[in-house]
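Novice: One structure, as structure tokens, below. Some questions next.
The values are calculated or read from the model by the stated rules, or taken from the named source; none is laboratory data. Bear in mind the structure is a predicted one, so any value in this text is a computation, not a measurement. As a convention, Cβ positions derive from the backbone with ideal geometry for all residues, glycine included, and neighbour counts pool all protein chains shown. Calculation scope for accessible area: heavy atoms of the full protein, side chains included, ligands and nucleic acids excluded. Shrake-Rupley method; radii C 1.70, N 1.55, O 1.52, S 1.80 Å.
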Amino acid sequence: MSTDTATTTAASRRPDRSSPRPNGQWKIDGKDPLNHNEELKQADDGLNVRERIEQVYSKEGFDSIHSDDLRGRFRWWGLYTQRRPGVPAGAHNSLPPEEVDDKYFMLRVRIDGGALTTEQLRVVGQIAVDFARNTADLTDRQNIQLHWVQVEDVPEIWRRLESVDLGTTEACGDVPRVILGSPVAGICAEEIIDPSPVIAEIARRYIGDSTLSNLPRKYKTAITGHPSQDVVHEINDFGLVGVVHPEHGPGYDVWVGGGLSTNPRLAERLGVFTTEDEAPDVWHAVTQVFRDYGYRRLRQKARLKFLLNDWGPEKFRQVVEDEYLGHRLRDGLPAPAPSRPGDHVGVHRQKDGRYYIGAAPVVGRVNGELLVKLAELLEANGSHRLRTTPHQKLVVLDVPEQNLATVKAGLSDLGLDPDPTVFRRSTMACTGIEFCKLAIVETKTTAQKTISALEIRLADVADQLPERLTLHINGCPNSCARIQTADIGLKGQLLPDPDGEKTPGFQVHLGGGLASSDREDPGLGRTVRGLKVTVEGLVDYTEALIRRYLRTRDSSSESFAAWAHRVEEGQLQLEEPEPQLQEPAKGAVS
């Protein structure tokens, strides 16, 4: 072989680095899978695993489950393996998955719009008692999560759920997840438009649809017609916000491309207005854009927010219109800024003259027996409906005025406070290391202890505190508890202690928040280099920080978030900076 031939052959074997690597976009790069996750999804639709669960795995037990089903397709039916007890923090990065997985599952009950009847609530509660060691958590996506579920019991759980029109279809996985909806949809007199019909129609048409069951990653939706904008639409892949068009009346402003995790990005308006009738088609078009153009090569880049970041809203809108809808959408105006809190805590009058009551469990932690008792309490007092919320709360509906005192007292007896302190009202926590394989620190118990301690320590300034002051505690960097959009957001990590060992703690984010009654625009929290706190030091730090805010804010109307972004970094540190002595002015007598 000549030197020239050898050189040519060697060059032909080298990759052409002048061309960008394919991102796995189906409409551009074709459908050849570029990683194992894409391979298993193409090999078999995740929706198909249900038959194997019912016919094989539930009969032959945990050890019979194929690994691609166990750690992949089971998610399409709301099932994740739990962390094995005793597995150390961070071990999922170094141990093989079979050493981290327990033989029990978290099971997520999908509740679109958070809408439940008392009959449904009772069924979920009894399932928790019978099959989940009485565990139940309200999530910040309006679902209910159970733990300690065995695969042998899953078919019976499905049978019970589906007997009352509930289920777990696509509660997890690379699919359209639960649809967030206003907890007061259809009952609030201030409502611009009731989102219930759109939520129901999207769920009816598309949840469980095999044409949408292989998305690049999870796809989150939020829809509200309430002026408080109560569904955190800015951090969802697709959002509809109620607005009144000057020519076409009530409808929706469309938002696309939000998400948090380790690369937070707030959604953007597409600048379009859609009617109630058109909204499901618009949702379907945006979802198909994600399916066909979303990045699939790298999991960490596979959310819709990365595509929108590269395209921009103008190009995104054009592709939606030209390739999927086949017509132009109407231009639209943004909704007015919220004028009231959107967590719906407390007692409020419905448009039909009855009342709804928003109540706060501690960071969403409830249990099966409590849920059954709650159903009994409501039915005994003329109510048969309730809603979960995107803030780990409950809203009970249709309470007659004469039964308000009885229901409020009953809720308090169950640990569901209808008049919570600011700390109980505004604190959220993810699942944490107790069950989650990705978590590094404990969250739920930490949150409970922190709330109790702050209620006592700050009792002397309770009347000076703002109506809401959000504290979000997350067990890892993935931000399931929305740490970047909290006044005080805590990201779990292991910190070095004086002995050179690792101790549980948090990186601190300050001053985040979504559009609300005390801030016009959403914004992410501020991070300060080196600002970290141990779990043991959390209460001391939080108390000192809040007292510093109350003492140095510009006025009683300055929000914590505005203060946190305004002050010098030293004011946000663990130790308050020493006051600086002023130099005497020239010519002054010292």
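Novice: Counting pairs of alpha carbon atoms under 8 Å apart in space and at least six apart in sequence, what relative contact order in percent does the range 79-166 give?
Specialist: Normalised by residue count, the contact order of the range 79-166 is 31 percent.
Novice: Which of the listed residues, ILE223, GLY208, GLY475, is farthest toward the dipole's positive end in the chain, when Lys, Arg count +1 and Asp, Glu count -1 at the beta-carbon?
Specialist: Positive-most Cα among the choices belongs to GLY475.
Novice: Which value, in Å², gives the accessible area per residue of the range 472-526 when a 1.4 Å probe is used on the protein heavy atoms?
Specialist: For the range 472-526, the per-residue accessible area is 37 Å².
Novice: Determine, for each peptide in 43-55, 365-377, the mean count of other beta carbons within 10 angstrom over its residues, then list the peptides with the highest first.
Specialist: Per-residue Cβ counts within 10 Å, averaged per peptide and sorted highest first, yield 365-377, 43-55.
Novice: Then there's this: Below 14 angstrom from the Cβ of LEU47, what's the summed charge of the other residues (Lys, Arg +1; Asp, Glu -1)?
Specialist: Charge balance near LEU47 sits at -2.
Novice: Restricting to the chain, what percent of DSSP beta bridges are antiparallel, rounded to 5?
Specialist: Around 80 percent antiparallel, to the nearest 5.
Novice: I've got another one for you. What accessible surface, in Å², does a 1.4 Å probe find on ILE193, ignoring ligands, DNA and RNA and rounding to the nearest 10?
Specialist: Using a 1.4 Å probe on the heavy atoms, I get roughly 20 Å².
Novice: What is the sum of charges around THR135, taking Lys and Arg as +1, Asp and Glu as -1, for the other residues whose C-beta is under 13 Å from the C-beta of THR135?
Specialist: Spelling it out: positives minus negatives among the neighbours equals 0.
Novice: Let me ask something else. Label GLN318 and GLU152 with points 7 Å out from Cα along Cα→Cβ: what is the distance between them in nm?
Specialist: My value for the distance between the label points is 6.0 nm.
Novice: Okay, moving on. When the accessible area of the chain is computed with all protein chains present and a 1.4 Å probe, what percentage of it is carbon and sulfur?
Specialist: Answer for the chain: carbon and sulfur cover 47 percent of the accessible area.
Novice: OK, next. Which lysines, on any chain, are close to LYS41 with Cα under 26 Å apart, when same-chain ones fewer than 8 places away are left out?
Specialist: Within reach: LYS27, LYS31, LYS59, LYS103, LYS218, LYS220, LYS301, LYS305, LYS437.
Novice: Given axes a ≥ b ≥ c from the Cα gyration tensor, I'd like to know whether the chain is rounded (a/c under 1.5), prolate (a/b larger than b/c) or oblate.
Specialist: Since a/c stays below 1.5, the shape of the chain is classed as rounded.
Novice: Is there a quick way to get the dipole size of the chain? I mean about its Cα centre, with the Cβ of Lys and Arg at +1 and of Asp and Glu at -1; what is the value in debye to the nearest 20?
Specialist: 920
Novice: Using Cα pairs closer than 8 Å and at least 6 residues apart in sequence, work out the relative contact order for the chain, in percent.
Specialist: 12
Novice: Using +1 at the Cβ of each Lys and Arg and -1 at the Cβ of each Asp and Glu in the chain, identify which of LEU138, VAL528, GLY167 lies farthest towards the dipole's positive end.
Specialist: VAL528
Novice: Taking R0 as 60 Å, what FRET efficiency do you get between SER412 and ARG328 from their Cβ-Cβ distance, rounded to the nearest 0.05?
Specialist: Approximately 0.65, to the nearest 0.05.
Novice: Can I ask one more? Rounded to the nearest Å, what's the spacing between the alpha carbon centres of the range 451-465 and the range 201-266? Just the number, please.
Specialist: 37
Novice: To the nearest 20 debye, what charge dipole does the range 75-160 have about its Cα centre, counting +1 at the Cβ of each Lys and Arg and -1 at the Cβ of each Asp and Glu?
Specialist: That gives a dipole near 140 debye.
Novice: May I ask for the distance between the Cα centers of the range 317-376 and the range 269-291, given as a whole number of Å?
Specialist: Result: 19 Å between the Cα centres.
Novice: Another one. Taking a ≥ b ≥ c as the square roots of the Cα gyration tensor eigenvalues, with a/c under 1.5 meaning rounded and otherwise prolate when a/b beats b/c, else oblate, which class fits the range 347-487?
Specialist: Since a/c reaches 1.5 and a/b is larger than b/c, the shape of the range 347-487 is classed as prolate.
Novice: From the Cα gyration tensor of the range 439-550, with a ≥ b ≥ c the square roots of its eigenvalues, which class applies: rounded if a/c is under 1.5, or else prolate if a/b is larger than b/c, or else oblate?
Specialist: Judged from the Cα gyration tensor, the range 439-550 comes out oblate (a/c at least 1.5, b/c at or above a/b).
Novice: Protein chains only, probe 1.4 Å: how do GLU543, GLU575 rank by accessible area, largest first?
Specialist: Reading off the accessible areas and sorting them downward yields GLU575, GLU543.
Novice: So, for the range 98-240, what is the accessible surface per residue at a probe of 1.4 Å, expressed in square angstrom?
Specialist: It amounts to 27 Å² per residue over the range 98-240.
Novice: With Cβ to Cβ distances under 12 Å as the rule, what net charge do the other residues near GLU201 carry (K, R +1; D, E -1)?
Specialist: Combined, the nearby Lys, Arg, Asp and Glu give -3.
Novice: What lysines sit close enough to LYS393 to cross-link, taking a C-alpha to C-alpha distance under 18 Å and skipping anything fewer than 8 places away on the same chain?
Specialist: Candidates past the 8-residue exclusion: LYS373, LYS408, LYS444.
Novice: Considering the dipole of the range 45-84 built from charges on the beta carbon (Lys and Arg +1, Asp and Glu -1) around the Cα centre, which of PHE74, ASN48, SER64 is farthest to its positive end?
Specialist: PHE74
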